[in-house]
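Here the structure comes first, spelled out in C-alpha coordinates, and everything after it is commentary.
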Amino acid sequence: MPGENVYERLGVRRIINASSWRTNVGGSLMPPPVRRAMDEAAQWFVDLGELNARAGETIARLTGAEAGLVTAGSAAGMLLEAAACMTRDDPAKIDRLPDTSGMKNEIVIHRFQRVTYDRCFRAAGAKLVEIGDSGGAFEWELEAAINERTAAVAYIFAVNQGSSIPLTRVVEIAHARGVPVIVDAAAMLPPPENLTRYVDMGADMVSFSGGKGVLGPQSTGILCGRADLIEAASMNGAPNQGIGRTAKVCKEEIAGLVTALELFVDTDHEAESARWVAMCENMASEIGRIAGLRAVYFPAKPELDEFESATPRVYVYVEDDSDLDIADVEEALKQGEPPVYCYPGEHGRALGLSPVNLMEGEDEAIIRRFREVASG
Ligand SMILES: *Cc1c(COP(=O)(O)O)cnc(C)c1O
(Lines give C-alpha, C1' and ligand atoms only; values in the text may rest on other atoms or scores of the structure.)
Protein backbone atom coordinates (compact mmCIF):
# COMPACT_ATOMS: atom_id res chain seq x y z
CA MET A 1 0.00 0.00 0.00
CA PRO A 2 1.43 3.40 -0.94
CA GLY A 3 2.30 5.51 2.10
CA GLU A 4 0.40 8.61 3.11
CA ASN A 5 3.51 10.71 3.21
CA VAL A 6 6.13 11.25 0.52
CA TYR A 7 8.85 9.93 2.85
CA GLU A 8 6.89 6.72 3.36
CA ARG A 9 6.49 6.37 -0.40
CA LEU A 10 10.24 6.79 -0.74
CA GLY A 11 10.96 4.38 2.09
CA VAL A 12 12.67 7.00 4.26
CA ARG A 13 12.36 6.71 8.05
CA ARG A 14 10.85 9.46 10.16
CA ILE A 15 13.30 10.42 12.91
CA ILE A 16 13.18 12.29 16.20
CA ASN A 17 15.48 15.27 15.75
CA ALA A 18 17.29 16.00 19.02
CA SER A 19 20.13 17.44 16.93
CA SER A 20 18.89 21.02 16.78
CA TRP A 21 18.77 22.97 13.50
CA ARG A 22 21.36 20.87 11.74
CA THR A 23 21.17 20.49 7.98
CA ASN A 24 21.94 16.75 7.97
CA VAL A 25 18.70 16.00 9.81
CA GLY A 26 16.50 18.42 7.92
CA GLY A 27 17.21 21.65 9.78
CA SER A 28 13.81 22.84 10.89
CA LEU A 29 10.10 22.50 10.14
CA MET A 30 8.25 25.38 8.51
CA PRO A 31 5.12 26.61 10.34
CA PRO A 32 1.85 26.38 8.33
CA PRO A 33 1.78 30.09 7.26
CA VAL A 34 5.22 29.64 5.68
CA ARG A 35 4.13 26.53 3.81
CA ARG A 36 0.99 28.34 2.66
CA ALA A 37 3.03 31.29 1.37
CA MET A 38 5.24 28.90 -0.61
CA ASP A 39 2.21 27.17 -2.06
CA GLU A 40 0.70 30.53 -3.08
CA ALA A 41 4.00 31.61 -4.60
CA ALA A 42 4.05 28.45 -6.71
CA GLN A 43 0.90 29.49 -8.54
CA TRP A 44 1.98 32.73 -10.29
CA PHE A 45 4.86 34.03 -12.37
CA VAL A 46 6.56 37.20 -11.17
CA ASP A 47 9.62 39.26 -12.05
CA LEU A 48 12.39 37.95 -9.81
CA GLY A 49 14.04 41.37 -9.67
CA GLU A 50 10.84 42.91 -8.36
CA LEU A 51 10.29 40.07 -5.87
CA ASN A 52 13.88 40.34 -4.59
CA ALA A 53 13.50 44.09 -4.19
CA ARG A 54 10.28 43.82 -2.12
CA ALA A 55 11.67 40.94 -0.03
CA GLY A 56 14.83 42.99 0.52
CA GLU A 57 12.74 45.86 1.87
CA THR A 58 11.15 43.51 4.42
CA ILE A 59 14.58 42.29 5.49
CA ALA A 60 15.85 45.87 5.76
CA ARG A 61 12.89 46.89 7.91
CA LEU A 62 13.30 43.95 10.30
CA THR A 63 17.08 44.11 10.57
CA GLY A 64 17.47 47.88 10.69
CA ALA A 65 19.92 47.65 7.79
CA GLU A 66 19.83 49.83 4.67
CA ALA A 67 19.09 46.84 2.43
CA GLY A 68 18.55 43.10 2.38
CA LEU A 69 18.64 40.06 0.12
CA VAL A 70 17.29 36.52 0.41
CA THR A 71 20.16 34.07 -0.12
CA ALA A 72 20.40 30.30 -0.52
CA GLY A 73 21.49 29.89 3.12
CA SER A 74 24.07 31.60 5.26
CA ALA A 75 26.84 29.75 3.44
CA ALA A 76 25.69 31.33 0.18
CA GLY A 77 25.46 34.63 2.04
CA MET A 78 29.15 34.31 2.89
CA LEU A 79 30.01 33.66 -0.76
CA LEU A 80 28.08 36.79 -1.77
CA GLU A 81 29.62 38.88 1.04
CA ALA A 82 33.10 38.02 -0.19
CA ALA A 83 32.20 38.54 -3.83
CA ALA A 84 30.52 41.89 -3.15
CA CYS A 85 33.49 43.26 -1.21
CA MET A 86 35.93 42.21 -3.92
CA THR A 87 34.03 43.31 -7.03
CA ARG A 88 31.76 46.08 -5.72
CA ASP A 89 29.60 47.10 -8.74
CA ASP A 90 32.28 46.56 -11.41
CA PRO A 91 30.80 44.22 -14.08
CA ALA A 92 34.24 43.28 -15.36
CA LYS A 93 35.33 42.09 -11.92
CA ILE A 94 32.01 40.28 -11.36
CA ASP A 95 32.56 38.49 -14.66
CA ARG A 96 36.11 37.49 -13.67
CA LEU A 97 35.40 35.74 -10.32
CA PRO A 98 36.73 33.43 -8.93
CA ASP A 99 39.86 34.82 -10.62
CA THR A 100 40.64 37.78 -8.39
CA SER A 101 43.81 39.00 -10.03
CA GLY A 102 43.95 42.77 -10.00
CA MET A 103 41.37 43.24 -7.25
CA LYS A 104 41.41 43.59 -3.50
CA ASN A 105 41.08 39.93 -2.61
CA GLU A 106 42.24 39.43 0.98
CA ILE A 107 39.81 38.74 3.81
CA VAL A 108 41.23 39.03 7.30
CA ILE A 109 39.87 36.47 9.77
CA HIS A 110 40.64 35.37 13.33
CA ARG A 111 42.37 31.97 13.16
CA PHE A 112 40.16 31.12 16.13
CA GLN A 113 37.02 31.84 14.07
CA ARG A 114 37.95 29.60 11.14
CA VAL A 115 35.04 27.25 10.39
CA THR A 116 34.40 24.78 7.59
CA TYR A 117 31.99 27.33 6.10
CA ASP A 118 34.78 29.84 5.46
CA ARG A 119 35.43 27.89 2.27
CA CYS A 120 32.50 29.95 0.96
CA PHE A 121 34.66 33.09 1.12
CA ARG A 122 37.41 31.15 -0.65
CA ALA A 123 34.97 29.82 -3.26
CA ALA A 124 34.44 33.40 -4.42
CA GLY A 125 38.21 33.64 -4.94
CA ALA A 126 39.16 35.40 -1.73
CA LYS A 127 42.40 34.64 0.08
CA LEU A 128 42.06 34.32 3.85
CA VAL A 129 44.64 36.11 5.98
CA GLU A 130 44.63 34.75 9.52
CA ILE A 131 45.31 36.77 12.63
CA GLY A 132 45.85 35.54 16.18
CA ASP A 133 46.15 32.03 17.54
CA SER A 134 43.87 29.20 18.59
CA GLY A 135 42.43 31.26 21.45
CA GLY A 136 41.93 34.77 20.05
CA ALA A 137 43.81 37.76 18.65
CA PHE A 138 45.32 41.11 19.62
CA GLU A 139 44.11 44.35 18.09
CA TRP A 140 47.58 45.10 16.73
CA GLU A 141 47.44 41.88 14.74
CA LEU A 142 44.30 43.09 12.99
CA GLU A 143 45.83 46.53 12.38
CA ALA A 144 48.96 44.94 10.90
CA ALA A 145 47.02 42.54 8.66
CA ILE A 146 45.02 45.24 6.86
CA ASN A 147 46.71 46.56 3.72
CA GLU A 148 45.85 47.82 0.22
CA ARG A 149 44.80 44.30 -0.87
CA THR A 150 42.27 43.88 1.96
CA ALA A 151 38.72 43.48 0.66
CA ALA A 152 37.07 42.90 4.04
CA VAL A 153 37.46 41.75 7.61
CA ALA A 154 35.31 38.71 8.39
CA TYR A 155 33.75 37.95 11.76
CA ILE A 156 32.20 34.55 12.47
CA PHE A 157 29.92 33.81 15.40
CA ALA A 158 30.80 30.16 15.77
CA VAL A 159 31.28 27.76 18.63
CA ASN A 160 32.71 30.18 21.13
CA GLN A 161 34.14 33.63 21.21
CA GLY A 162 37.30 33.01 23.24
CA SER A 163 39.47 36.12 23.22
CA SER A 164 38.32 37.31 19.83
CA ILE A 165 38.56 41.06 19.38
CA PRO A 166 35.02 42.33 20.13
CA LEU A 167 33.04 43.08 16.98
CA THR A 168 32.67 46.78 17.87
CA ARG A 169 36.47 47.15 18.03
CA VAL A 170 36.94 45.19 14.79
CA VAL A 171 34.52 47.62 13.14
CA GLU A 172 36.38 50.67 14.48
CA ILE A 173 39.76 49.38 13.36
CA ALA A 174 38.54 48.27 9.90
CA HIS A 175 36.49 51.39 9.22
CA ALA A 176 39.38 53.65 10.18
CA ARG A 177 41.18 52.01 7.25
CA GLY A 178 38.20 52.12 4.88
CA VAL A 179 37.61 48.35 5.01
CA PRO A 180 34.14 46.77 5.39
CA VAL A 181 33.34 44.15 8.04
CA ILE A 182 31.33 41.08 6.98
CA VAL A 183 29.66 38.89 9.59
CA ASP A 184 28.46 35.29 9.58
CA ALA A 185 25.82 35.00 12.29
CA ALA A 186 24.17 31.92 10.75
CA ALA A 187 23.01 30.30 13.98
CA MET A 188 22.53 33.43 16.11
CA LEU A 189 18.71 33.57 15.77
CA PRO A 190 16.98 33.35 18.22
CA PRO A 191 17.12 35.65 20.11
CA PRO A 192 15.33 38.04 17.70
CA GLU A 193 17.33 40.96 19.14
CA ASN A 194 20.31 39.66 17.16
CA LEU A 195 18.53 40.56 13.91
CA THR A 196 19.48 44.20 14.50
CA ARG A 197 22.41 43.80 16.88
CA TYR A 198 25.37 43.33 14.55
CA VAL A 199 24.17 45.99 12.13
CA ASP A 200 23.84 48.32 15.13
CA MET A 201 27.43 47.48 16.05
CA GLY A 202 28.49 48.78 12.64
CA ALA A 203 28.90 45.58 10.61
CA ASP A 204 28.64 46.34 6.88
CA MET A 205 27.01 43.02 5.92
CA VAL A 206 25.51 40.30 8.10
CA SER A 207 24.51 36.81 6.99
CA PHE A 208 21.99 34.62 8.87
CA SER A 209 20.46 31.23 8.16
CA GLY A 210 16.78 31.34 7.25
CA GLY A 211 16.31 27.63 7.87
CA LYS A 212 17.55 27.33 11.44
CA GLY A 213 15.77 29.15 14.28
CA VAL A 214 13.90 31.43 11.87
CA LEU A 215 11.96 28.35 10.61
CA GLY A 216 11.99 29.46 7.00
CA PRO A 217 12.80 27.17 4.07
CA GLN A 218 15.92 25.20 5.06
CA SER A 219 17.75 26.29 1.94
CA THR A 220 17.39 30.04 2.57
CA GLY A 221 19.35 32.75 4.31
CA ILE A 222 19.17 36.44 5.10
CA LEU A 223 21.78 38.94 4.01
CA CYS A 224 21.50 42.50 5.25
CA GLY A 225 23.69 45.56 5.33
CA ARG A 226 24.90 48.60 3.42
CA ALA A 227 22.86 49.35 0.30
CA ASP A 228 25.86 49.54 -2.06
CA LEU A 229 27.23 46.20 -0.85
CA ILE A 230 23.86 44.43 -0.97
CA GLU A 231 23.49 45.72 -4.54
CA ALA A 232 26.91 44.28 -5.37
CA ALA A 233 25.93 40.98 -3.72
CA SER A 234 22.78 40.89 -5.81
CA MET A 235 24.76 41.56 -8.99
CA ASN A 236 26.99 38.60 -8.11
CA GLY A 237 24.01 36.31 -7.39
CA ALA A 238 21.03 34.73 -9.14
CA PRO A 239 19.11 35.51 -11.27
CA ASN A 240 22.15 37.50 -12.47
CA GLN A 241 25.02 35.50 -13.89
CA GLY A 242 27.72 35.98 -11.27
CA ILE A 243 29.61 33.53 -9.08
CA GLY A 244 26.50 33.23 -6.87
CA ARG A 245 24.40 31.88 -9.74
CA THR A 246 25.16 28.42 -8.33
CA ALA A 247 23.23 29.35 -5.19
CA LYS A 248 19.92 30.49 -6.61
CA VAL A 249 16.78 31.06 -4.60
CA CYS A 250 13.38 30.40 -6.16
CA LYS A 251 10.25 32.51 -5.81
CA GLU A 252 8.64 30.01 -3.43
CA GLU A 253 11.66 30.13 -1.12
CA ILE A 254 11.75 33.93 -1.14
CA ALA A 255 8.05 34.03 -0.25
CA GLY A 256 8.59 31.45 2.49
CA LEU A 257 11.56 33.24 4.00
CA VAL A 258 9.94 36.67 4.30
CA THR A 259 6.83 35.07 5.79
CA ALA A 260 8.96 33.12 8.28
CA LEU A 261 10.88 36.25 9.21
CA GLU A 262 7.70 38.22 9.93
CA LEU A 263 6.45 35.32 12.07
CA PHE A 264 9.80 35.01 13.86
CA VAL A 265 9.74 38.59 15.13
CA ASP A 266 6.13 38.09 16.30
CA THR A 267 6.81 34.81 18.10
CA ASP A 268 6.54 34.57 21.89
CA HIS A 269 10.14 33.49 22.38
CA GLU A 270 9.77 33.34 26.17
CA ALA A 271 7.02 30.75 25.87
CA GLU A 272 9.18 28.77 23.42
CA SER A 273 12.10 28.90 25.86
CA ALA A 274 9.90 27.73 28.73
CA ARG A 275 8.81 24.72 26.66
CA TRP A 276 12.43 23.93 25.81
CA VAL A 277 13.51 24.21 29.46
CA ALA A 278 10.73 21.87 30.63
CA MET A 279 11.72 19.20 28.09
CA CYS A 280 15.41 19.53 28.97
CA GLU A 281 14.74 19.25 32.71
CA ASN A 282 12.61 16.17 32.13
CA MET A 283 15.24 14.48 29.94
CA ALA A 284 18.13 15.38 32.27
CA SER A 285 16.42 14.07 35.37
CA GLU A 286 15.04 10.86 33.83
CA ILE A 287 18.07 9.90 31.73
CA GLY A 288 20.32 10.77 34.69
CA ARG A 289 18.57 8.01 36.69
CA ILE A 290 19.51 5.30 34.18
CA ALA A 291 22.34 3.02 35.35
CA GLY A 292 25.57 3.68 33.44
CA LEU A 293 24.52 7.12 32.19
CA ARG A 294 24.96 10.65 33.51
CA ALA A 295 23.00 13.64 32.21
CA VAL A 296 23.79 17.32 32.63
CA TYR A 297 21.42 20.20 31.87
CA PHE A 298 23.02 23.30 30.34
CA PRO A 299 20.74 26.35 30.56
CA ALA A 300 20.57 28.88 27.73
CA LYS A 301 23.10 31.70 27.96
CA PRO A 302 22.26 34.17 25.20
CA GLU A 303 24.59 36.73 26.81
CA LEU A 304 27.57 34.64 25.66
CA ASP A 305 26.81 35.55 22.04
CA GLU A 306 27.98 32.13 20.93
CA PHE A 307 26.75 29.40 18.59
CA GLU A 308 23.45 28.01 19.99
CA SER A 309 24.11 29.65 23.37
CA ALA A 310 20.57 31.03 23.29
CA THR A 311 19.02 27.56 23.57
CA PRO A 312 19.20 25.09 26.47
CA ARG A 313 20.47 21.52 26.00
CA VAL A 314 21.26 18.27 27.78
CA TYR A 315 24.51 16.34 27.52
CA VAL A 316 24.45 12.62 28.20
CA TYR A 317 27.69 10.88 29.23
CA VAL A 318 28.51 7.23 29.78
CA GLU A 319 29.84 6.65 33.33
CA ASP A 320 33.51 5.65 33.50
CA ASP A 321 32.74 2.34 35.22
CA SER A 322 30.01 1.37 32.76
CA ASP A 323 30.30 -1.29 30.03
CA LEU A 324 28.38 0.97 27.66
CA ASP A 325 30.22 2.60 24.76
CA ILE A 326 29.01 6.05 23.81
CA ALA A 327 29.33 5.48 20.04
CA ASP A 328 27.30 2.26 20.37
CA VAL A 329 24.61 4.08 22.33
CA GLU A 330 24.42 6.77 19.64
CA GLU A 331 24.17 4.16 16.88
CA ALA A 332 21.53 2.12 18.72
CA LEU A 333 19.44 5.26 19.20
CA LYS A 334 19.67 6.00 15.46
CA GLN A 335 18.74 2.47 14.42
CA GLY A 336 15.93 1.96 16.95
CA GLU A 337 12.23 2.64 16.80
CA PRO A 338 11.63 5.53 16.64
CA PRO A 339 15.10 6.55 15.43
CA VAL A 340 16.58 9.23 17.71
CA TYR A 341 19.33 11.51 16.37
CA CYS A 342 21.52 13.33 18.92
CA TYR A 343 24.42 15.64 18.08
CA PRO A 344 28.05 15.08 19.05
CA GLY A 345 28.98 17.03 22.18
CA GLU A 346 32.48 17.63 23.55
CA HIS A 347 34.21 16.03 20.55
CA GLY A 348 32.28 12.79 20.81
CA ARG A 349 32.49 12.35 24.59
CA ALA A 350 28.85 13.36 25.07
CA LEU A 351 25.55 12.96 23.26
CA GLY A 352 23.93 16.38 22.87
CA LEU A 353 20.14 16.62 23.14
CA SER A 354 18.58 19.83 21.88
CA PRO A 355 14.88 20.48 22.54
CA VAL A 356 14.33 22.97 19.72
CA ASN A 357 13.03 20.51 17.14
CA LEU A 358 11.24 18.16 19.53
CA MET A 359 7.53 17.77 19.13
CA GLU A 360 5.03 17.15 21.90
CA GLY A 361 5.89 13.93 23.73
CA GLU A 362 9.18 13.29 21.95
CA ASP A 363 11.16 13.96 25.14
CA GLU A 364 9.35 10.95 26.64
CA ALA A 365 10.13 8.81 23.59
CA ILE A 366 13.81 9.76 23.91
CA ILE A 367 13.88 8.83 27.61
CA ARG A 368 12.28 5.46 26.81
CA ARG A 369 14.83 4.77 24.06
CA PHE A 370 17.76 5.60 26.37
CA ARG A 371 16.33 3.16 28.97
CA GLU A 372 16.00 0.40 26.37
CA VAL A 373 19.46 0.97 24.92
CA ALA A 374 21.16 1.13 28.34
CA SER A 375 19.55 -2.13 29.45
CA GLY A 376 20.79 -3.79 26.28
C1 LIG B 1 24.79 26.69 9.87
C2 LIG B 1 25.97 27.58 9.74
C3 LIG B 1 26.35 28.07 8.48
C4 LIG B 1 25.64 27.66 7.22
O5 LIG B 1 24.34 28.13 7.18
P6 LIG B 1 23.30 27.60 6.06
O7 LIG B 1 22.11 28.48 6.24
O8 LIG B 1 23.03 26.17 6.38
O9 LIG B 1 23.95 27.77 4.74
C10 LIG B 1 27.41 28.94 8.42
N11 LIG B 1 28.09 29.31 9.52
C12 LIG B 1 27.78 28.84 10.76
C13 LIG B 1 28.57 29.30 11.95
C14 LIG B 1 26.70 27.95 10.91
O15 LIG B 1 26.37 27.49 12.11
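Restricting segment 216-241 to residues that are in a loop (DSSP other than H, G, I, E, B) and surrounded by 24 or more Cβ atoms within 10 Å (Cβ to Cβ), the residue that is nearest to the ligand (Cβ to nearest atom) is Thr220. Name the residue that is nearest to Ala137 (Cα to Cα), counting only residues in segment 57-87 that are surrounded by fewer than 19 Cβ atoms within 10 Å (Cβ to Cβ) and of a type in the set (D, E, K, R). Restricting to residues being surrounded by fewer than 19 Cβ atoms within 10 Å (Cβ to Cβ) and of a type in the set (D, E, K, R), the top hit is Glu66. Applying the condition of being surrounded by fewer than 14 Cβ atoms within 10 Å (Cβ to Cβ) and either among the polar types (S, T, N, Q) or not in a loop (DSSP other than H, G, I, E, B) (or both) to segment 276-290 and asking which residue is nearest to the chain's Cα centre (by Cα) yields Ala278.
Scanning segment 62-75 for residues that are within 16 Å of the ligand (Cβ to nearest atom) and either at pLDDT below 95 or not in a helix (DSSP H, G or I) (or both) yields Gly68, Leu69, Val70, Thr71, Ala72, Gly73. Given the condition crowded, with 19+ Cβ neighbours inside 10 Å, of a type in the set (Asp, Glu) and either touching a helix residue (DSSP H, G or I) at 6+ places or on another chain (Cβ under 7 Å) or without any contact (Cβ under 8 Å) to a residue 60 or more places away in the chain (or both), answer yes or no: does some residue in segment 347-366 qualify? The answer is yes, given that some residue of segment 347-366 is crowded, with 19+ Cβ neighbours inside 10 Å, of a type in the set (Asp, Glu) and either touching a helix residue (DSSP H, G or I) at 6+ places or on another chain (Cβ under 7 Å) or without any contact (Cβ under 8 Å) to a residue 60 or more places away in the chain (or both). Criterion first (within 16 Å of the ligand (Cβ to nearest atom), of a type in the set (Ser, Thr, Tyr) and out of contact with any helix residue (DSSP H, G or I) (no Cβ under 6 Å at 6 or more places or on another chain)) does Ser19 satisfy it? Judged against the criteria, Ser19 is not a match. In the set (1) farther than 25 Å from Ser20 by Cβ; (2) surrounded by fewer than 24 Cβ atoms within 10 Å (Cβ to Cβ), Asp204 fails one condition alone, (2). Test Ile109 against the stated conditions and say whether it is surrounded by 21 or more Cβ atoms within 10 Å (Cβ to Cβ) and at negative phi. So Ile109 passes the test. Put simply, of Ala203, Ala186 the only residue that is within 8 Å of the ligand (Cβ to nearest atom) and closer than 23 Å to Arg169 by Cβ is Ala186. Name the single residue, out of those in segment 189-200 being away from the ligand (no atom under 15 Å from the Cβ) and outside any helix (DSSP H, G or I), that is farthest from Cys224 (Cα to Cα). The qualifying residue farthest from Cys224 (Cα to Cα) is Pro191.
Residues are listed down the side, and each one gets a yes or a no for (1) over 25 Å from Ile366 (Cβ atoms); (2) crowded, with 16+ Cβ neighbours inside 10 Å:
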| position | (1), (2) |
| --- | --- |
| Glu8 | no, no |
| Arg13 | no, no |
| Ala18 | no, yes |
| Trp21 | no, yes |
| Gly26 | no, no |
| Val34 | yes, yes |
| Asp39 | yes, no |
| Ala42 | yes, no |
| Leu48 | yes, yes |
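Residue count for segment 303-336, restricted to those that are assigned to a strand (DSSP E or B), within 14 Å of Ala374 (Cβ to Cβ) and hydrophobic (A, V, I, L, M, F, W, C): 2.
Does segment 79-102 include one or more residues that are touching a Ser or Thr at 6+ places or on another chain (Cβ under 8 Å) and within 15 Å of the ligand (Cβ to nearest atom)? Taking every residue of segment 79-102 in turn, at least one turns out to be touching a Ser or Thr at 6+ places or on another chain (Cβ under 8 Å) and within 15 Å of the ligand (Cβ to nearest atom). Total residues in segment 156-186 satisfying the condition of being farther than 10 Å from Ala203 by Cα and in a strand (DSSP E or B): the figure is 3.
The requirement of being part of a helix (DSSP H, G or I), within 16 Å of the ligand (Cβ to nearest atom), among the aromatic types (Phe, Trp, Tyr) and more than 18 Å from Gly221 (Cβ to Cβ) is fulfilled somewhere in segment 106-114, by at least one residue. The sole residue among Ala174, Ala154, Ala123 that is within 30 Å of Leu62 (Cα to Cα), within 16 Å of the ligand (Cβ to nearest atom) and in contact with a strand residue (DSSP E or B) (Cβ under 8 Å, 6 or more places away or on another chain) is Ala154.
For Ala247, the stated conditions do not hold, so it cannot be described as within 15 Å of the ligand (Cβ to nearest atom) and within 19 Å of Glu306 (Cβ to Cβ). So, in segment 27-61, exactly how many residues are outside any helix (DSSP H, G or I) and more than 16 Å from the ligand (Cβ to nearest atom)? Selection size over segment 27-61: 7. Reported count of residues in segment 82-115, each being modelled with pLDDT of 95 or more, out of contact with any helix residue (DSSP H, G or I) (no Cβ under 8 Å at 6 or more places or on another chain) and β-branched (Val, Ile, Thr), is 0.
Might you let me know whether segment 285-306 holds any residue that is within 16 Å of the ligand (Cβ to nearest atom), at pLDDT 95 or above and not hydrophobic (A, V, I, L, M, F, W, C)? No - not one qualifying residue is present in segment 285-306. Listed by first and then second residue, the pairs with beta-carbon distance under 6 Å, at least 6 apart or on different chains, first residue in segment 11-27 and under 10 Å from Tyr341 (Cβ atoms) and free of Cβ contacts under 8 Å to residues at least 60 places away in the same chain, second assigned to a loop (DSSP other than H, G, I, E, B) and within 12 Å of the ligand (Cβ to nearest atom), form an empty list.
The values are calculated or read from the model by the stated rules, or taken from the named source; none is laboratory data. If you're wondering where the values come from, they're calculated on a predicted model, not measured in any experiment. Note that each Cβ is placed from the backbone with ideal geometry, even for glycine, and that neighbours are counted across all protein chains shown.
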